[in-house]
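Below is one structure, written out as structure tokens; the observations come after it.
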Amino acid sequence: AVAMNEIGEGVDYVRNSSLLRNASFALFFVVITYYMLSYSVHTIYTDVYKDEDKLAAFFGVLVIVTNASAMTMQLLLSNRIINRFGVRRSNYIYPTTTVISFALLLVNPSFYAALFASFNREAIMPSIYSPTRQMFFNVLPERMKGRARAISVALVMPVALFICGVLIIVLKQLEGLEPVALAGVICALLFLYYSWKMGKDYVVTLIASMREKLYLPKSRDVIYRDSGKDVI
């Protein structure tokens, strides 16, 4: 009952919060693009490595390299990138590289395109996208953070996984990876679009949350408009 109340309150807040609504749509397309990339790259790898032992050895090396890259980026680059470009612009990096990944797979579904897609999925996503998304959640009112995550886990992700599974089942009936890659490009562009909309809502939501803790006079309505560096 408590969990259902949390989800219900989260749904009500999604209706009223433009940031959370766009973040939910962005998460929806994150899930779809993540597993469509996974399906695409693993299809290419199994075509390249016919021998099961060679395939297993390759996956072992790939996991080591991508995890080491993700850890290195988290330790040395992530904070510098976010500090240099800001939370909003950093949030566009992974959607952009995801569009590029699917575009490469669409134009030339080669082994090297699959490697780039794997690096994007296993290194760029955890080191850049995950921390910036967390920062977006941090500007939500304290009472809504748990409810927002409940919506993500209990509603958005299951629906996205179901639709992703149906898409892959349908598209794999067609010959080649091009149909999957084309659908991936479309979903990645929608992911980028909703990430951009999240950026537009970020400052407004941040100011609204700060008003609960600080005195920010409503008469200065300029602070409620997304004016970039001037507002900050």
Output for Cβ contacts, cut-off 8 Å, separation at least six or different chains, first residue within 19 Å of SER195 (Cα to Cα) in segment 102-129, second not acidic (Asp, Glu) and not in a helix (DSSP H, G or I), reads SER127/LEU77; TYR129/ASN91
Exactly one of THR66, THR97, THR33, THR72 is of a type in the set (Val, Ile, Thr), without any contact (Cβ under 8 Å) to a residue 40 or more places away in the chain and open to solvent by less than 60 Å² (accessible area, probe 1.4 Å), and that one is THR97
Checked segment 161-184 for anything open to solvent by 60 Å² or more (accessible area, probe 1.4 Å), farther than 11 Å from ILE32 by Cβ and of a type outside the set (A, V, I, L, M); matches are LYS172, GLN173, GLU175, GLU178
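This table checks each residue for (1) over 25 Å from PRO109 (Cβ atoms); (2) modelled with pLDDT of 90 or more; (3) among the polar types (S, T, N, Q).
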{"residue": "GLY176", "(1), (2), (3)": "no, no, no"}
{"residue": "ALA181", "(1), (2), (3)": "no, yes, no"}
{"residue": "GLY184", "(1), (2), (3)": "no, yes, no"}
{"residue": "CYS187", "(1), (2), (3)": "no, yes, no"}
{"residue": "TYR202", "(1), (2), (3)": "yes, no, no"}
{"residue": "GLU212", "(1), (2), (3)": "yes, no, no"}
{"residue": "GLY228", "(1), (2), (3)": "yes, no, no"}
{"residue": "VAL231", "(1), (2), (3)": "yes, no, no"}
| query | Any chance segment 134-156 includes a residue that's within 30 Å of GLY60 (Cβ to Cβ), crowded, with 17+ Cβ neighbours inside 10 Å and in contact (Cβ under 8 Å) with a residue 12 or more places away in the chain? | reply | no
Within segment 77-112, restricting to residues that are among the aromatic types (Phe, Trp, Tyr) and not in a loop (DSSP other than H, G, I, E, B), the one that is farthest from TYR49 (Cα to Cα) is PHE85
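The values are calculated or read from the model by the stated rules, or taken from the named source; none is laboratory data. Only a predicted model underlies this, so the values are computations on that prediction, with no experimental measurement involved. Heads up, the Cβs are rebuilt from the backbone with ideal geometry, glycines too, and the neighbour counts pull from every protein chain shown. For accessibility, only protein heavy atoms count, side chains too; no ligands or nucleic acids. Shrake-Rupley method; radii C 1.70, N 1.55, O 1.52, S 1.80 Å.
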